[in-house]
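Report on the following structure.
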Amino acid sequence: MNRKFSYLLRISEKPKHVCFQVSVEQGLEVVVPKRFSISRVPSLVEKNSQWIERAFQKAKAFQGLIGQMADWQMPKEITSLALDLTWGVLTCRHDMKSVVVRETSPTTLVMRGATNDVDACQTALKEWLTDKAEERLSPWLKRISDEIGLSYSAVLIRQQQTR
């Protein structure tokens, strides 16, 4: 069955080849290398239309198994397996444009600011977790490095989306 697919085109410096990404929520996204001729994309979509159709069917079937993705909600608790720590999360809404996360005790976080802004909350929590991981994991890495006699050049804590 040949059908026309609408798609979002994303030009990226990272990939070496054209990549098709299919999801029920986002639809079809075509990721192409920076120097790729985008005039070739429609024919590639047509050529791979059977694969794309099957990918949509699999995505819909999988979504049927797990259900609709719920809207993001403020967590009541955050657990870091790497740090073996858990914090309860409290919120305090203020008329600010951003969100600030403070650790008020070893087991409690307070988020102040625009706590109804999902993006601001997620950004603040990610930054806080990254800082906490660096604060705890850097000394651990230094101690282990000294114990076994292997050196390292840098410590990077990232929010990896892919491997």
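In region 102-154, which residues are over 19 Å from Glu77 (Cβ atoms), under 20 Å from the mean Cα position of the chain (by Cα) and in contact (Cβ under 8 Å) with a residue 24 or more places away in the chain?
Thr123
One line per residue, one yes/no per condition, for (1) of a type in the set (Gly, Ala, Ser); (2) surrounded by 13 or more Cβ atoms within 10 Å (Cβ to Cβ); (3) touching a Phe, Trp or Tyr at 6+ places or on another chain (Cβ under 7 Å):
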position	(1), (2), (3)
Met96	no, yes, no
Thr107	no, no, yes
Val118	no, yes, yes
Leu156	no, no, no
Gln160	no, no, no
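Find the residue count for region 23-51, including only residues that are assigned to a helix (DSSP H, G or I) and touching a Leu at 6+ places or on another chain (Cβ under 8 Å).
3
Give all pairs with beta carbons closer than 9 Å in which a residue from region 46-63 that is within 10 Å of Val22 (Cα to Cα) and touching a residue at least 12 places away in the same chain (Cβ under 8 Å) meets a residue that is aliphatic (A, V, I, L, M) and assigned to a helix (DSSP H, G or I); count only pairs at least 6 apart in sequence or on separate chains.
Ile52/Val45
Given Val110, Val101, Val155, which one is modelled with pLDDT of 90 or more, touching a helix residue (DSSP H, G or I) at 6+ places or on another chain (Cβ under 8 Å) and not assigned by TED's automatic domain parsing to the domain that holds Lys14?
Among Val110, Val101, Val155, only Val101 is modelled with pLDDT of 90 or more, touching a helix residue (DSSP H, G or I) at 6+ places or on another chain (Cβ under 8 Å) and not assigned by TED's automatic domain parsing to the domain that holds Lys14.
Is it the case that region 58-66 has a residue that's loosely packed, with under 14 Cβ neighbours inside 10 Å, touching a Phe, Trp or Tyr at 6+ places or on another chain (Cβ under 9 Å) and under 24 Å from Gln159 (Cβ atoms)?
For region 58-66, residues loosely packed, with under 14 Cβ neighbours inside 10 Å, touching a Phe, Trp or Tyr at 6+ places or on another chain (Cβ under 9 Å) and under 24 Å from Gln159 (Cβ atoms): absent.
When region 10-22 is examined, which residues are found to be surrounded by 14 or more Cβ atoms within 10 Å (Cβ to Cβ) and outside any loop (DSSP other than H, G, I, E, B)?
Matches in region 10-22: Cys19, Phe20, Gln21, Val22.
Quick test for you: out of Leu90, Leu129, pick the one residue that is within 27 Å of Lys14 (Cβ to Cβ), of a type in the set (A, V, I, L, M, F, W, C) and surrounded by 12 or more Cβ atoms within 10 Å (Cβ to Cβ).
Matching residue, one of Leu90, Leu129: Leu129.
For region 67-78, which positions are in contact with a Ser or Thr (Cβ under 9 Å, 6 or more places away or on another chain) and either modelled with pLDDT under 90 or surrounded by 13 or more Cβ atoms within 10 Å (Cβ to Cβ) (or both)?
Of everything in region 67-78, those that are in contact with a Ser or Thr (Cβ under 9 Å, 6 or more places away or on another chain) and either modelled with pLDDT under 90 or surrounded by 13 or more Cβ atoms within 10 Å (Cβ to Cβ) (or both) turn out to be Met74, Ile78.
The values are calculated or read from the model by the stated rules, or taken from the named source; none is laboratory data. Predicted model, so just to flag it, every value in this text is computed and none were measured. Neighbour counts are summed over all protein chains in view; Cβ atoms, including those assigned to glycine, are modelled from backbone coordinates with ideal geometry.
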